[in-house]
Structures are given as C-alpha cells and as structure tokens.
Amino acid sequence: MKENVIVAIDGGPASAAALDWAITRAVDRSSAEPDAQPIELELTTVVDLGWSPHDVALSFQPVYERALAAATHEVERRAPGCRRTSYVRHGVPVDELVRASASADLMVIGSNKTGLLTGAVYGTLPLRLAAHARCPVVVVPATWRPRIGPVVVGFDDDPAGTEALDWAADEAVRLGRGLRIVHSWSIPMTVAIDIGATVPFEALGEANAEALAITAQRVRDARPGLDVVEILDTGPAAPVLVDASGEAELLVVGTHGRGSVGSLVLGSVSHDVLLNLPCPIAVIPHRIDGTSSGGQTGRRQ
C-alpha cells in the first residue's frame, strides 16, 4: 500500500527544507526497503485568500505555481521513483492543510522557528497545523541538514504516548535506524507538599523504570532486530527531550486529540521543543481514523 505524503510548498527557505527532508526520507526508505511500495509525494501550496481582496490574492497565483514547478523538478531529479502530484488550494492556509491532512498518511511543513523566539505558540502555521491535523505532521527547521541518527520518541504511559511510540518504532524500522525511548518523570508539587518528607522518590523512580522497561520490551518483541535504547530521566519533559535529541534524525511526540498538543510538546515546554527545533519533529495525533473532514478546493497541476 502506497504512502501519501503531503509537502507544504511556498517557495521560501523553510519550504525548501521540508521538501529536502521529504525527498531524503523517500530515498532512504527505498534503500532500506527495496520491495516496499513507492511513496507518493503530493506537493501542495495554498493561495492565501484571507489577507487581501480575492482578486488581489489570486494575482499572486503564478508565484505559487512557479514554486510548485520548481519543487516538482527537484523531486523528479532526486527521487524519480516517487509518484508525484502538485496541487493548488485556495483559502486560509491552516484550514486548507488541515482539510488535506484527512486523506494523507503524513504531512511535512517547514518552520523558521529555530531559536528562542517570543510570541504566541499558535501564531505560527506549523504549530497550528500540528495541533489540528488528522495525520502525523513533521515540522522541519529551515536550517535542517541531512544526518543519520536514531529516531527518538517521547513516551508517556497513555494512549497518545503509545500511538506515538508505535509510529516512531515503525519509522525506525522503515529507515533502518535505532530507536531511543525517552521517559521523564517528576513528583507533582502538590503531591510533594502534601506528603512532605515521606516522598518515596526511590520507589517512584523504580516504578517508572520498570514501566519503561516493559514498554521497551514490547517494542523489541514486536520488531525483532530493532535496536531499542531506554532513556529515563527526571524533571520537565522539554529539556530531557531536547538533550536526548542532540544527535537524533527525528524526534516523535504525541497529541491528545483535543485540538492542542500534549504535555510533551505544548504548554510549558513549547518554546523549548517546537520553537527550538533540535531536529525535525513528528507530531502524532491520537486516534488516527482517516475520516474525511470535508472537501478540498483547488486544481491539479
């Protein structure tokens, strides 16, 4: 069964990084799995009709079309075995891309948020898309360069964490990489205050270590030959994940499917992870069901 990967194109540096990542992944996967079905890359751009009068916005469409043509040429040059299509949509970019995600297996988008930046998290398209998309979304930093390294996944012992873990493990197998499962834990402040000096820190650490070991063994049993390493740490999740991802090829985190990204991405750790991208980050939505969220507008190129 072919994999449909949508790449968001706008002609800028972040878009170029996203396309580069998607092509590199397709080539690496074909090398690791010669008998696998080819990946279909859908290059998508959205003519933004929300910022100006309709006729003015449409006058910029040739610019979008040239960006798509250049991206298509790059795919043909570097990954001739990939099926490829291009698609022009019209509307509000985040809405159109979320709509498109309902029929995709993966969406790839670039981000210029590669350093300490201020501002609301949802003030950027990639983060809003990651929060609402119906398929996994990979956010690629504009400064990305290819490197071979492990797939790192942030794991919480809940359904969203399990889905992210399984996706990460499958991706590691597809790419022929190792998997690093990262779990951080801490005693909530309210609990620590309540039980004071009787906090069973050592016992809690052992319980978390045991849970992580059981999870890692499940992954090993399901995917013989996969190199799985467990990383257990204490403290806030973001610094632990960023530190563990220093040499990673991909970092994978999950969402809780409520229109916001879960504890390992947004909230107090948002700037440390998604706004300070240590590497490309795959955000896996909870309960991927493939249900369509509506039609699409635009035209095939």
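The values are calculated or read from the model by the stated rules, or taken from the named source; none is laboratory data. Note that the structure is a prediction, hence the values are computed from the model and not measured. Every residue, glycine as well, gets a Cβ built from its backbone with ideal geometry; the counts of neighbours run over all protein chains shown. Each accessible area value is taken on the protein alone, full model and side chains, heavy atoms only, with ligands, DNA and RNA left out. Shrake-Rupley method; radii C 1.70, N 1.55, O 1.52, S 1.80 Å.
Looking across Thr45, Thr72, Thr24, one residue alone is within 13 Å of Val108 (Cα to Cα), surrounded by fewer than 20 Cβ atoms within 10 Å (Cβ to Cβ), at pLDDT 90 or above and out of contact with any Cys (no Cβ under 6 Å at 6 or more places or on another chain). It is Thr24.
Among the residues making up region 62-106, those that are closer than 24 Å to Ala130 by Cβ and of a type in the set (Val, Ile, Thr) are Val75, Thr85, Val88, Val92, Val94, Val98. As a summary of the residue check, Arg84 satisfies the conditions (1) open to solvent by less than 60 Å² (accessible area, probe 1.4 Å); (2) in a strand (DSSP E or B); (3) of a type in the set (D, E, K, R) except for the one numbered (1).
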